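The values are calculated or read from the model by the stated rules, or taken from the named source; none is laboratory data. Computed from a prediction, not measured in an experiment: that's the story for all the values here. Note that each Cβ is placed from the backbone with ideal geometry, even for glycine, and that neighbours are counted across all protein chains shown. All accessible areas refer to the heavy atoms of the entire protein, side chains included, with ligands and DNA or RNA removed. Shrake-Rupley method; radii C 1.70, N 1.55, O 1.52, S 1.80 Å.
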Amino acid sequence: MLSIKGKANELIDKYGTNCPFKIAKMMGIIITYENLGNTLGYFSKNFRVPIIHINEKASEYGKKFICGHELGHVILHPEV
């Protein structure tokens, strides 16, 4: 079983980038920006299509971090 770091490196090798936005797009994951109040982000599924929700008020760096974090949930916990 791969560690989280190992899984991340596997994705980077597979998709040729370390950008979570590009990886999510290539995986068919929808990314939405919403006013989430104090919530930074979360992921959900709609008809088995994964969706990453990111707080539109987060900084650009924050959005990238949130996307990467939620991408980890999509990959490591796909049953949600």
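Checking the stated criteria, Ile51 turns out to be under 23 Å from Ile12 (Cβ atoms) and touching a Ser or Thr at 6+ places or on another chain (Cβ under 8 Å).
Please verify whether Lys45 is out of contact with any Leu (no Cβ under 8 Å at 6 or more places or on another chain), in contact (Cβ under 8 Å) with a residue 12 or more places away in the chain and in a helix (DSSP H, G or I), treating the condition exactly as stated. Spelling it out, it is not the case that Lys45 is out of contact with any Leu (no Cβ under 8 Å at 6 or more places or on another chain), in contact (Cβ under 8 Å) with a residue 12 or more places away in the chain and in a helix (DSSP H, G or I). Inspect the range 59-75 for any residue being in contact (Cβ under 8 Å) with a residue 12 or more places away in the chain and over 12 Å from the mean Cα position of the chain (by Cα) and give the result as yes or no. Yes, the conditions are met somewhere in the range 59-75.
Going residue by residue through the range 58-73, is there one that turns out to be charged (D, E, K, R) and not in a helix (DSSP H, G or I)? Explain how you work it out, then say what you get.
Let us first name the residues in the range 58-73 that are charged (D, E, K, R), namely 60, 63-64, 70.
After this cut, where a residue has to be not in a helix (DSSP H, G or I) as well, the list is none.
Checking the range 58-73: not a single residue is charged (D, E, K, R) and not in a helix (DSSP H, G or I).
Of the residues contained in the range 11-18, none is found to be touching a residue at least 24 places away in the same chain (Cβ under 8 Å), assigned to a loop (DSSP other than H, G, I, E, B) and within 17 Å of Glu70 (Cβ to Cβ). The number of residues in the range 1-53 being surrounded by 15 or more Cβ atoms within 10 Å (Cβ to Cβ), farther than 14 Å from Pro78 by Cα and of a type in the set (Gly, Ala, Ser) comes to 2. With respect to (1) within 17 Å of Glu79 (Cα to Cα); (2) open to solvent by 90 Å² or more (accessible area, probe 1.4 Å); (3) of a type in the set (Phe, Trp, Tyr), the lone exception for Phe65 is condition (1). Only one of the listed residues (Gly28, Gly37) is in a loop (DSSP other than H, G, I, E, B) and under 12 Å from the mean Cα position of the chain (by Cα). That residue is Gly28.
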